[in-house]
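Below you'll find the structure, written out as structure tokens, and then a few comments.
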Amino acid sequence: MKLTVNLGEHSYPIYIENHILAGAGSYISQVFKGRRIMIVSDDNVFPLYGETLLSSLSGYDCHTLVLPHGEPTKGFQSLPTIYGAMLKARISRSDLVIALGGGVIGDLAGFAAASYLRGVKLVQIPTSLLAQVDSSVGGKVAVDLPEGKNLVGAFYQPKLVLIDPTVLDTLPEHFIHDGMGEIIKYGCIKDASLFETLKSHSSFADLKPELKDVIARCVDIKRVVVEHDQFDTGERMLLNFGHTLGHTIEQYYHYERESHGEAVAIGMYQLCLAAETRGLTKKGCAARILDVLRIYGLPHACGLPIDALTEAVTLDKKNLNNKLNLVLLHDIGDSYVYPDGVEFFEGMGNV
Ligand SMILES: NC(=O)c1ccc[n+]([C@@H]2O[C@H](COP(=O)([O-])OP(=O)(O)OC[C@H]3O[C@@H](n4cnc5c(N)ncnc54)[C@H](O)[C@@H]3O)[C@@H](O)[C@H]2O)c1
């Protein structure tokens with residue numbers, strides 16, 4: 001299955017096929033005419049899939065950099081290691097960087113590709129569910145600073161994205177949850193029929209035969225949103241549904257308790273519930289979201305007093321002048337931006 005992100009001269013194809021990794025070379029040869037490639041991956045993913053990718057690239061001069069897995073690798077301090085490896089491999093502006101991994105590798109290698117020699121070509125091969133449905137599409141690349149996540153970054157579109165759903169067979173369950181949080185989000189904000197598909201299954205295992213189509217649906221939703229708002233000044237905000245509360249929950253527990261997907265799940269449900277009581281969302285939506293969260297083993301509450309959250313939201317550097325652009329649902333599949341302040345959360349009790 002092929003989708004094309006239409007962004008003028010920065011347009012690119014996304015292919016979604018089971019076992020596409022083994023044939024990656026032939027897709028890459030369509031967008032890259034050079035010889036030298038730097039593959040950036042992590043120490044979980046490369047031992048599982050590095051050899052398959054390398055075999056498909058046998059005609060190229062391939063170099064690899066395998067970094068430790070996990071969010072700390074996305075720190076700014078990893079950049080000199082990557083630039084150093086690229087210099088050592090004599091990567092020039094006409095060469096290629098391939099990011100093989102989850103969102104951490106995609107964002108980090110993507111930012112390195114965007115900045116090294118003012119930009120070298122990038123191919124994304126996302127291997128986590130979250131990276132396949134979200135981070136590999138749309139061109140946001142970034143690294144973290146000690147002061148916070150994603151504080152240094154760029155908009156840098158890849159030349160190609162290759163999505164192989166079969167690699168998810170080895171993805172730990174915790175990270176399946178992260179991806180499912182985002183998939184449910186897409187249904188909520190843009191696609192009632194995707195939401196119903198998710199609801200019609202009994203678990204992730206039960207959804208698996210349809211996973212390729214579900215991933216494609218999500219990528220297509222993100223594609224359209226990105227085409228309308230490449231630089232995140234309007235419609236792209238809808239992708240943040242559940243994320244304001246979610247980020248606050250993650251931060252409050254120092255990223256040690258709820259995973260990102262779990263925090264977003266709680267954020268989506270609680271926000272919807274609060275919006276229903278204010279007449280801003282059709283009654284019953286929160287209950288429908290709760291049903292789907294339960295199917296995929298995601299939480300809907302974390303027992304935190306709302307005061308703690310409003311304080312954290314107020315302190316968040318991104319929330320200047322106490323202004324929040326909340327993403328709410330009119331109904332499942334139909335979202336809108338609702339500008340308000342932290343007062344919105346007041347009176348919610350425990351979240
Ligand atoms: N650029 C964007 O638009 C965007 C959007 C959402 C999230 N993000 C970023 O994405 C990052 C999170 O991404 P993530 O959840 O993929 O994290 P991740 O890259 O850390 O991957 C999760 C874990 O799964 C492992 N893994 C990945 N694929 C695997 C596979 N197929 N088999 C076995 N193990 C595998 C990784 O080694 C890692 O331990 C965050 O830094 C976040 O800020 C970016």
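Observations
- Per-q log10 I(q)/I(0), segment 173-345, q = 0.08 Å⁻¹ (Debye; single scatterer per alpha-carbon; no solvent): -0.22
- Here the Gaussian network model covers the chain, with springs between Cα atoms less than 10 Å apart; of Y12, Y186, Y338, Y338 fluctuates the most.
- When each of C302, C188, C285, C272 is scored by the number of other beta-carbon atoms lying within 10 Å, the sequence from fewest to most is C302, C285, C272, C188.
- Principal-axis tilt of helix 45-56 within the chain, Cα atoms, nearest 10 degrees: 40
- Exposure proxy order (Cβ contacts within 10 Å, fewest to most) of V40, V167: V167, V40
- Cα long-axis angle, helix 243-252 against the chain (0 to 90 degrees, to the nearest 10): 90
- GNM flexibility winner over the chain from A131, A301, A114 (Cα, springs under 10 Å): A301
- Distance histogram in 20 Å bins (all Cα pairs of the chain, percent per bin): 31, 57, 12, 0
- Taking 27 Å as the straight-line reach from the Cα of K323, the lysines in range (excluding those fewer than 8 positions away in the same chain) are K140, K149, K185, K190, K222, K282, K283.
- Annotation: aspartates and glutamates with alpha-carbon distance below 12 angstrom to K208 (same-chain offsets under eight excluded): D169.
Values quoted throughout were computed directly from the atomic coordinates according to the rules given, and no laboratory measurement underlies them. Computed from a predicted structure; not experimentally measured. Heads up, the Cβs are rebuilt from the backbone with ideal geometry, glycines too, and the neighbour counts pull from every protein chain shown.
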